[in-house]
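A short write-up of the structure that comes next.
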Amino acid sequence: MSPLPTVLVILCGALAADQPQINPVPRAVLVDMARQWTFDKDREDWIAQNECSLSAVDGLLTIRSAGSDPYFHQALDLPGGHMALTLRARSRTTGVGSIFWTTDQLPHRSEQRAVHFKLQHDGQWHEYTARFHAPGQLTDLRIDPGQGEGMFEIDWIRLDYAQPHPLMIQRVDATDRPDQFAVRFVVKNDRLQPIEFSAAGRNYTVDGGATVVIERPTDPTTPMESVTLEMQADEMPLVRRTVFVHHPQAKTDWLVKSTPQPSDHRREKFVSIDVAPDGSMARIRRDGKLVAILGPLVLVDGRMPKLELVEDGVRSVRFRGEGVELTLAVEANDISVKIDSQSPCEGPIVRALGDLQQGLFAGLEYLGRGEQSSTTLDIETSEHLRFAPDSIKVTMPLTAFLTDRASVAMTWRDMQLEPTFATPNFFDGTEDHRMALRGRKIEATVRIDRSSLEEAILWAVDRAGGLPPLPEPPRTPEEQWKLCLKALDGPIKSDEGWGHCAGERWARRPYADIASTIWRLSGNVPDFPQFVPGGAHVENESIYFVTGRAQWWLDHKSRQVRGILDRQQADGSFRYDGKYRRGHFENTASGVCARPAATLLEFARVTGDRKALEAGVRALQYMKRFRTPRGAQVWEVPLHTPDQLASAYLVWAYIRGYELTDDETFLIEAKKWAASGIPFVYLWSRYPTMLYATPPVYGATNWRAPVWIGLPVQWVGGVYAYALTMLAKHDDSFDWNHLARGILISAEQQQYPDGEWVGLLPDVFSLEDQQRHPARINPCGIASLRMALDGQLDFLSVATDGQHRVAAPFPVSFRYGEAHIRAKRGTTYQAIIDGQRIVEVKSNGNDVIRLD
């Protein structure tokens, strides 16, 4: 078949209105310098503004930071536009760098006019560039040299006009129909004036704002080919884009590899691969159907290398080319790929076929049906582009797509490899779902199955040899309790009670959770005329039962439950219509429903209340429709954002439902949601405190900052781990307690070990500089987690014999129709009988409550 001619189409109407597609190739930039500062004589009008001082000596601007929020600035009067601030600096501070700008049109600083960038605090010289768009007249620039005390030196600063190249590839669409084999490049002139350029041997003139389609022909007789468009405008950088097209109808002498089949009736359940003899690609079949391709098998410096077949085994194949070697093997449902390249390469490029049901990029993306990756639904800054992140943001080696054809998952061992992830595949302009690895020596395993996404998560853990060994605890249990008590007797304490966190904005109140923790750890009952609920991220209100206030607690919880019942919808759901609903496809989410469901079922567990149980079960049945953990932190995070706290409350609610009803489907749901929280946990480490740390959500506060990806917030992980201890009592298919203890140890590593904030838990722990950042939170939640893991009681023990139910702040059991409570001799406490009757007991150490 002869190739099709290149076609030019000037677009208007529908095609021109198409939404821009993500272009993974960095857009060319036209650079023109606006200002430069070299500090050869003085500070050149830069002024210290907050928590820092400036001096200029020997051609260096030296910034001495004296706090956690240093910044300096300079007033300007320059035309704005697309700009880039570049500085050569060396840092011995902490945290990220930032720039803020203002213009005559936007005169106030804000996060909407800020760019944050990673700093290396190694005392070595590095160049940093921050790009921004400042409409109007640029009036001020502010630089934040990190977020901690120390020294920051700048050799020079340059401000450039960095106008994007006017030629922008807006979309790429690969078509492979019998009547048209071509790749369509939609090109836009992104400036007001016309532009002339040449491409594919032709010259074009395109008006300002106009859109052009250039079609490049493809050869349908080749299984995999590269298609390139190059555009050259006078005195401008070359614009180049290459995509890789698969032709499923192409005929070749495929090398077919599959594993032995145990019997004919199982034959269709095993994976087979058809490998192109030129090493360009492989097709993957399951159930006799095409479910994915590996294509190209490898790219070296962005191009398909010429490969030669050197070994053709029964279940494996090996290729070799100039500076690269590749081996492919199949075993049951797993395909192993090994690539050894002298130059940077990418592979295997896995492309799952079919309609997307779910997708996962551990640490960065948790997608639902039909969702796209790298969108602005959770992050609206440039950090929403997550298709090729820094590997430090990847929590575990797993990328996966679940489609209507199969589940396709990939794992690897070398965490220095750089994964890529895109759905739909905007790398190649196709509707498949793409994942790959970048490096020089790549070893990966691809699993093809019909399993759930959660099963793929557990498979990746198993493939790695199980969960990593636990880190060394930073202190003994006795030292840990003392540290927590120091924190509760520190800067969060006052005559009025305790603050949830240190700092004036956190009111001091006699919080029940904190008082309960103090009593559990020390045996001392804080003296307050009343206690108020709350204070910790894991509820612990046993103090009411050792201070004669059980009736108050029961009345308060009854009111709380009535309020939840009033909010519950007829279908069992709960709804959210606040500020953070924007962008989500409905006004509910798994996290929105799970927390009130857990509260209802906790109350039913303690009291046996039928209305709370029935409402909780209705919520559990409704929540079976959800597939993504999200929407548990809508006080600052979008409803749509994937969230480990949602995983926590989902496990909590379903376990309580299982315990109360013996419905096995609830236990299955609990295990599913427990697995959903694993990709929020670091299962590898590059730094002393990193293993088992927990970035909380795959998004940003207020859609902009902070971006929480790669930024551990261990209190969230602590709630999740606490829920895992509940699941571990009923399921031994996975070592949930090991995972929970790893999260606990990471939290204890992150606690302030000494100083003003001793024992408090930082809200944020920065991995790369190992620094703690406010808020500084009371440690009661992790104290409860340690008690649960060590088999100690932190809140109420509940026991039932089927006729009666007893809840007490000490362990309860039933024998011969009587409730037996093991308590500390001499302690006076209260117990709730059948959710209604309260009895007071002065303990003799082994107390008996007669129930009839």
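Could you sort His738, His133 by accessible area so the largest value comes first, with the probe set to 1.4 Å?
The residues order as His133, His738, largest area first.
Using the Karplus curve 6.51 cos²θ - 1.76 cosθ + 1.60 with θ = phi - 60°, work out ³J(HN,Hα) for each residue of segment 730-741 in order, rounded to whole Hz, and write x for Gly and Pro.
After applying 6.51 cos²θ - 1.76 cosθ + 1.60, I find 10, 9, 10, 6, 8, 7, 5, 5, 4, 4, 5, 5 Hz.
If DNA, RNA and ligands are ignored and the probe is 1.4 Å, what is the ranking of Trp652, Trp254 by accessible area, most exposed first?
The residues order as Trp254, Trp652, largest area first.
Measuring from label point to label point, each 7 Å out along Cα→Cβ, what is the Glu664 to Leu238 span in nm?
6.4 nm
Accessible surface of Leu613 in the full protein assembly, 1.4 angstrom probe, to the nearest 10 Å²?
Spelled out: Leu613, probe radius 1.4 Å, area about 20 Å².
Over all alpha-carbon pairs in segment 60-215, figure out the percentage whose distance exceeds 18 Å.
Within segment 60-215, distances greater than 18 Å cover 67 percent of Cα pairs.
Please calculate how many Å² of accessible area segment 26-84 carries per residue, with a 1.4 Å probe and no DNA, RNA or ligand atoms counted.
In whole numbers, segment 26-84 has 54 Å² accessible per residue.
Please report the antiparallel percentage of DSSP beta bridges with both residues in the chain, rounded to the nearest 5.
100 percent
Let me cross-check Leu660: its accessible surface, 1.4 Å probe, with only protein heavy atoms counted, in Å² to the nearest 10?
Surface accessible to solvent at Leu660 totals approximately 40 Å².
Rounded to the nearest 0.05, what FRET efficiency is calculated for Val256 and Asp355 with R0 set to 35 Å and r the Cβ-Cβ distance?
E between Val256 and Asp355, to the nearest 0.05, is 0.85.
Once you place label points 7 Å from the Cα toward the Cβ at Arg413 and Val57, how far apart are they in nm?
5.1 nm
Tell me the accessible surface of Cys780 in square angstrom (1.4 angstrom probe, heavy atoms of protein chains only), to the nearest ten.
It works out to around 0 Å².
Excluding same-chain residues fewer than 8 positions from Lys306, which aspartates and glutamates have a Cα within less than 18 Å of its Cα?
Result set, ordered by chain and number: Asp219, Glu225, Asp253, Asp278, Glu322, Glu325, Asp340, Glu346.
Go through 438-448, 831-841 and give me the packing order, highest mean Cβ count within 10 Å leading.
Result, highest mean first: 438-448, 831-841.
Rounded to the nearest 20 Debye, what is the dipole magnitude of the chain about its Cα centre when Lys and Arg each give +1 and Asp and Glu each give -1 at the C-beta?
Using only the charged Cβ atoms, the result is roughly 1660 debye.
Which of the following values of volume of the Cα convex hull per residue in Å³ was calculated from the structure shown: (1) 253; (2) 194; (3) 166?
(2)
Hey, what's the per residue convex hull volume over the C-alpha atoms of segment 688-785, in cubic angstrom?
In segment 688-785, the Cα convex hull volume per residue is 106 Å³.
Out of Trp101, Trp37, His121, whose Cα points farthest toward the positive end of the dipole of segment 28-165 (charges: +1 Lys, Arg; -1 Asp, Glu; placed on Cβ)?
The listed residue farthest towards the positive side: His121.
Taking H placed 1.01 Å from N in the peptide plane, check which residues at least 5 places from Ala332 or on another chain put their amide H under 5 Å from its amide H.
Amide H to amide H, under 5 Å and 5 or more residues apart or across chains, Ala332 pairs with Thr259.
Which pairs break 18 Å Cα to Cα here: Lys493/Lys824; Lys257/Lys289; Lys393/Lys441; Lys624/Lys729; Lys482/Lys842?
Too far apart for the 18 Å limit: Lys493/Lys824; Lys393/Lys441; Lys624/Lys729; Lys482/Lys842.
Provide the packing ranking of 766-778, 344-356, i.e. peptides ordered by the mean count of other C-beta atoms within 10 Å per residue, highest first.
The packing order, highest mean first, is 344-356, 766-778.
By how many nm would the segment from Gln120 to Ala66 lengthen if fully extended, with 0.36 nm per residue of separation less the alpha-carbon distance?
Using 0.36 nm per residue and subtracting the Cα-Cα distance, I get 17.6 nm.
Run down the lysines and flag those whose C-alpha is under 17 Å from the C-alpha of Lys579, throwing out any fewer than 8 positions away in its chain.
Of all the lysines, none pass the test against Lys579 - Cα under 17 Å, at least 8 places apart if same chain.
What's the local net charge at Trp635, with K and R +1, D and E -1, over the other residues with C-beta under 14 Å away?
The answer is 0.
Considering amide H positions built from the backbone, and no H for Pro or chain starts, which residues 5 or more places from Arg405, or on another chain, come under 5 Å of its amide H?
Close amide H contacts, sequence-distant or interchain: Asp355.
Placing +1 at every Lys and Arg Cβ and -1 at every Asp and Glu Cβ, with all other atoms neutral, what dipole size does segment 699-812 have around its Cα centre, in debye to the nearest 20?
Roughly 280 debye for segment 699-812.
Pop a pseudo-label 7 angstrom from the Cα along the beta-carbon direction at both Ser494 and Asp555 and give the gap in nm to one decimal.
Label at Ser494, label at Asp555, 2.8 nm between them.
How do Glu479, Glu756 rank by accessible surface area computed with a 1.4 Å probe, from largest to smallest?
Result, largest first: Glu756, Glu479.
At 1.4 Å probe size, with the rest of the protein present, what percent of the exposed accessible area of the chain is carbon and sulfur atoms?
That share works out to 47 percent.
Out of residues 5 or more away from Val187 or on other chains, whose amide H comes under 5 Å of its own, with H placed 1.01 Å from N in the peptide plane?
When sequence neighbours closer than 5 places are left aside, the close amide H contacts are Gln170, Val212, Val213, Ile214.
Could you give log10 I(q)/I(0) at q = 0.21, 0.25 Å⁻¹ for segment 460-536, computed by the Debye formula over C-alpha point scatterers of equal weight, without solvent?
-0.90, -1.16
Which lysines have a Cα less than 17 Å from the Cα of Lys611, not counting those fewer than 8 places away in the same chain?
Lys557
Estimate the FRET efficiency between Ser522 and Asp801 by the formula 1/(1 + (r/R0)^6), using the beta-carbon distance for r and 25 Å for R0, to the nearest 0.05.
0.15
Lys/Arg Cβ at +1, Asp/Glu Cβ at -1, dipole of the chain taken about the Cα centre: which of Ser590, Ala210, Gln621 is farthest positive-ward?
Going by the charge dipole, the pick is Gln621.
The values are calculated or read from the model by the stated rules, or taken from the named source; none is laboratory data. These figures come from a predicted structure and were not determined experimentally. Note that each Cβ is placed from the backbone with ideal geometry, even for glycine, and that neighbours are counted across all protein chains shown. The area values use the complete protein model at the heavy-atom level, side chains included, leaving out ligands, DNA and RNA. Shrake-Rupley method; radii C 1.70, N 1.55, O 1.52, S 1.80 Å.
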